[in-house]
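Asker: Below you'll find the structure I mean.
The values are calculated or read from the model by the stated rules, or taken from the named source; none is laboratory data. The shown structure was predicted, so the numbers you read here are calculated from the model rather than taken from an experiment. FYI the Cβ positions are ideal-geometry reconstructions off the backbone, even for glycines, and counts take in every protein chain you see. Ligands, DNA and RNA are stripped out before the accessible areas are found, and what is left, the full protein with its side chains, is counted by its heavy atoms. Shrake-Rupley method; radii C 1.70, N 1.55, O 1.52, S 1.80 Å.
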Amino acid sequence: MKVVEVVEFILLGLTNSRCLEIFLFMFLVIAYFLILLGNITVITITLVDHCLQTPMYYFLRNFALLEITFTSTFIPNTLYSLLTERKTISLPGCFLQMLLFFYLGTCTFFHVAAMSFDRYVAICRPLHYTTIMNSRFCLQLVLACWAVSFLLMFPPTIMIVQLPFCGPNVMNHFYCDTSLLLQLSCTDTGFIEELMLIVIIIIIPGTLIITAISYGCIIVTILHIPSSTGRKKAFSTCSAHLMVVMIFYSTSIYRYIRPAQRGGQHSDKVLSFFFSVVTQMLNPYIYSLRNNQVKQALKGSMLKAFSIVKG
């Protein structure tokens, strides 16, 4: 019997209901617009305002760029699928989406850890902050995030790309998911699955430990602030950051650390939607745009632009 190689995959998407698809299309359009608007605003304001030329905003600017590229790997394709009801994606397109999604997603975990370390130094070691977080070290930290992510994700991704796919070609997801791709391969993928699990354990729990220790030290330091107003203000910022981190990590851990479900489950898609869309939509507004310094800089830039247009 002749084996027919798969040339495309069918992504079932988030739902089978056309009414829900229309609702999800509208929600994703709004979410993607907010992601782009929030992150482009963060990038622009931190570049043009001299008061925001600090390590914290350097990391936030890179994080904003990362969020734009990460969400752009799958949201436009998902929107096109919801609008046209076209569920197919080519084999090369699927591999490219998988590679970019998991590479940029891995970078996100390392950037969150880097930002938490920056906040730890700023709050717990304020006298040494400018010495430790100098421009050279910040650049090295950001480059390390990108480089380590590439080194971790490249070997298993190349192995997956070289796998044979003979059918079926139906994937119960809204993007090309690694675990589902492995299930669809017509050869033994045991070694790759074990390698992927090791990589994911290094990425998710590894960065979570750094983030948890940093925020733990920050909370202890905040508790020792003599002023109740100062403690309240610090906890307000810290609690917002922790909320986003908890959602991001809890959904990611449950989705990728537990054993993969054959064929994909609806809960997997919901969890993936939360950490890949909802948290990305919240991040620029939680981390940056609610910051008083950013608000003042944004207000000043808007007033300056308005005066130029008016004059």
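Asker: Output the number of the condition that I213 fails; it satisfies all remaining conditions of (1) at pLDDT 90 or above; (2) in contact with a helix residue (DSSP H, G or I) (Cβ under 7 Å, 6 or more places away or on another chain).
Answerer: (2)
Asker: In segment 47-60, how many are open to solvent by 30 Å² or more (accessible area, probe 1.4 Å) and either hydroxyl-bearing (S, T, Y) or within 15 Å of R119 (Cα to Cα) (or both)?
Answerer: The qualifying residues number 3.
Asker: State which residue pairs qualify: first residue in a helix (DSSP H, G or I) and inside segment 94-112, second residue open to solvent by 10 Å² or more (accessible area, probe 1.4 Å) and among the acidic types (D, E) in any location, beta carbons under 9 Å apart, and separation of 6 or more residues or different chains.
Answerer: Final answer for the pair search is C94/E8.
Here is a yes/no grid of residues against (1) in contact with a Gly (Cβ under 9 Å, 6 or more places away or on another chain); (2) part of a helix (DSSP H, G or I); (3) open to solvent by 10 Å² or more (accessible area, probe 1.4 Å); (4) touching a residue at least 60 places away in the same chain (Cβ under 8 Å):
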{"residue": "V6", "(1), (2), (3), (4)": "yes, no, yes, yes"}
{"residue": "L14", "(1), (2), (3), (4)": "no, no, yes, yes"}
{"residue": "I22", "(1), (2), (3), (4)": "no, yes, yes, yes"}
{"residue": "Y32", "(1), (2), (3), (4)": "no, yes, yes, no"}
{"residue": "G38", "(1), (2), (3), (4)": "no, yes, no, yes"}
{"residue": "I45", "(1), (2), (3), (4)": "no, yes, no, yes"}
{"residue": "A64", "(1), (2), (3), (4)": "yes, yes, no, yes"}
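Asker: State whether one or more residues within segment 69-85 are within 21 Å of V245 (Cβ to Cβ) and surrounded by fewer than 19 Cβ atoms within 10 Å (Cβ to Cβ).
Answerer: Among the residues of segment 69-85, at least one is within 21 Å of V245 (Cβ to Cβ) and surrounded by fewer than 19 Cβ atoms within 10 Å (Cβ to Cβ), which makes the answer yes.
Asker: Report yes if some residue within segment 91-107 is in contact with a helix residue (DSSP H, G or I) (Cβ under 7 Å, 6 or more places away or on another chain) and open to solvent by 50 Å² or more (accessible area, probe 1.4 Å); otherwise report no.
Answerer: yes
Asker: Within segment 44-56, work out how many residues are closer than 16 Å to H111 by Cβ and in contact with a Leu (Cβ under 6 Å, 6 or more places away or on another chain).
Answerer: Of the residues in that region, 1 qualify.
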